[in-house]
Amino acid sequence: MAQQIELGLDTFGDVTFDGGGNKLPMPQVVRNVVAEAVLADSVGLDFIGIGEHHRDDFAVSSPETVLAAIAGQTSRIRLGSAVTVLSSDDPIRVYERFATLDAVSNGRAEVILGRGSFTESFPLFGYDLADYEVLFEEKLDLFTKLLAEQPVSWEGTTRPPLRDVLVYPPTENGAIPAWIAVGGTPQSVVRAAHYGLPLMLAIIGGEPARFTPFVSLFKRALKEFGKPMLPVGAHSPGYIAATDEQALEEAWPHYAAMQNRIGRERGWPPVSRSEYEASAGPEGALFVGSPETVAAKIVRTARTLELSRFDLKYSLGTLPHENLMKCIELYGSEVAPRVREALAAGD
């Protein structure tokens, strides 16, 4: 059966190495992210998502600012976050920033809302991690009311109440497309359905097929809440080179260093080469390989999870900008046509 899909890219603005193995300064990394997005636009990709972090291994703390710079150098690619950490932000300010981005990009802004996998923003902005759940629930509730671009009245425990408040600027299309990103808990999936927002699955480990029950749950919940069927997307890390062997070899040291650095913070054991290669295999969550291999894996995942969007998280730790540019070029020129053709033909 024919299936249409949008193909996008995500980056966290990982601080990368230069050709000599030295870390680049963060300002250069930010400029490189803009160049990567401009290339993505030129090779016909549909979306670029930029993540928000507040730590020394990621250079982007203000995705909307970087996306606005990208907007000025692109014409068609959609621009969004990956993700906006709503729990430690103000929903009104988030909406204002993305509405402004929507204006400067001629209606290309999107926001992907989530709780994030890092917690540095909570103490940085004066929030207590003990309020983790209530912060996200209340702020999401307010944000979804703002989407209607009508006067909002709202009351909760995390900010002062609002009475008939309008938020500016309004968008030309009447609303900003918004998704909810989830890591695979049933409660998060049902929450997305409750608010009538598309679902973005963060598939960063294990088998993508294990998310099938969450897709089924999302569709059942939408029906029970009386909502229309909505898109499901997936975000997974990956890297593309001319051959499988080249892709695996080039990505491995950077991927391992990144995983082990985060693992030390979270009590994970060091990642092994065999684990890495298994994850890059046909059933794993790493989309690393040649254009043929990665395209086949995306097609298989898109069919299994009935995806409307697939975003490749192409930045892998310190992997150099030059490698990332080649990966993007192959993704747009070789992977995307294969995926679209296979899904459109129902092959």
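Values as computed for the structure displayed
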item: Considering residues of the stretch 69-89 that are more than 17 Å from the chain's Cα centre (by Cα) and in a helix (DSSP H, G or I) only, the residue surrounded by the fewest Cβ atoms within 10 Å (Cβ to Cβ); result: A69
item: Exclusive hit being exposed (fewer than 15 other Cβ atoms within 10 Å of the Cβ) and either under 24 Å from the mean Cα position of the chain (by Cα) or assigned to a helix (DSSP H, G or I) (or both), set A193, A130; result: A130
item: Residue within the stretch 22-43 that is touching a Ser or Thr at 6+ places or on another chain (Cβ under 6 Å), more than 18 Å from K313 (Cβ to Cβ) and not in a helix (DSSP H, G or I) present; result: yes
item: Single residue of the stretch 263-279 satisfying the filter (within 15 Å of P237 (Cα to Cα) and within 22 Å of the chain's Cα centre (by Cα)) that is most open to solvent (accessible area, probe 1.4 Å); result: S279
item: Flag for E64 being surrounded by 20 or more Cβ atoms within 10 Å (Cβ to Cβ), without any contact (Cβ under 8 Å) to a residue 60 or more places away in the chain and assigned to a helix (DSSP H, G or I); result: yes
item: Verdict on T11 being touching a strand residue (DSSP E or B) at 6+ places or on another chain (Cβ under 7 Å), open to solvent by less than 50 Å² (accessible area, probe 1.4 Å), in contact (Cβ under 8 Å) with a residue 60 or more places away in the chain and not charged (D, E, K, R); result: yes
item: Checklist (1) closer than 24 Å to E64 by Cα; (2) outside any loop (DSSP other than H, G, I, E, B); (3) in contact (Cβ under 8 Å) with a residue 12 or more places away in the chain; (4) of a type outside the set (G, A, S) applied to P123, failing item; result: (3)
item: Test: F218 is open to solvent by less than 70 Å² (accessible area, probe 1.4 Å), of a type in the set (F, W, Y), farther than 21 Å from G80 by Cα and in contact with a Gly (Cβ under 7 Å, 6 or more places away or on another chain); result: no
item: Conditions (1) part of a helix (DSSP H, G or I); (2) open to solvent by 30 Å² or more (accessible area, probe 1.4 Å): number failed by G116; result: (1)
item: Residues within the stretch 43-56 that are open to solvent by 40 Å² or more (accessible area, probe 1.4 Å) and in contact (Cβ under 8 Å) with a residue 60 or more places away in the chain, tallied; result: 1
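Okay, residues lined up against (1) under 23 Å from S308 (Cβ atoms); (2) of a type in the set (A, V, I, L, M, F, W, C):
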{"site": "S153", "(1), (2)": "no, no"}
{"site": "R159", "(1), (2)": "no, no"}
{"site": "G174", "(1), (2)": "yes, no"}
{"site": "W179", "(1), (2)": "yes, yes"}
{"site": "P186", "(1), (2)": "yes, no"}
{"site": "P198", "(1), (2)": "yes, no"}
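The values are calculated or read from the model by the stated rules, or taken from the named source; none is laboratory data. This structure is a prediction, so every number in the text was calculated from the model and none was measured. Positions of Cβ are generated from backbone atoms using ideal geometry, with glycine treated the same way; all protein chains shown enter the neighbour counts. Heavy atoms of the whole protein, side chains included, go into the accessibility calculation; ligands, DNA and RNA do not. Shrake-Rupley method; radii C 1.70, N 1.55, O 1.52, S 1.80 Å.
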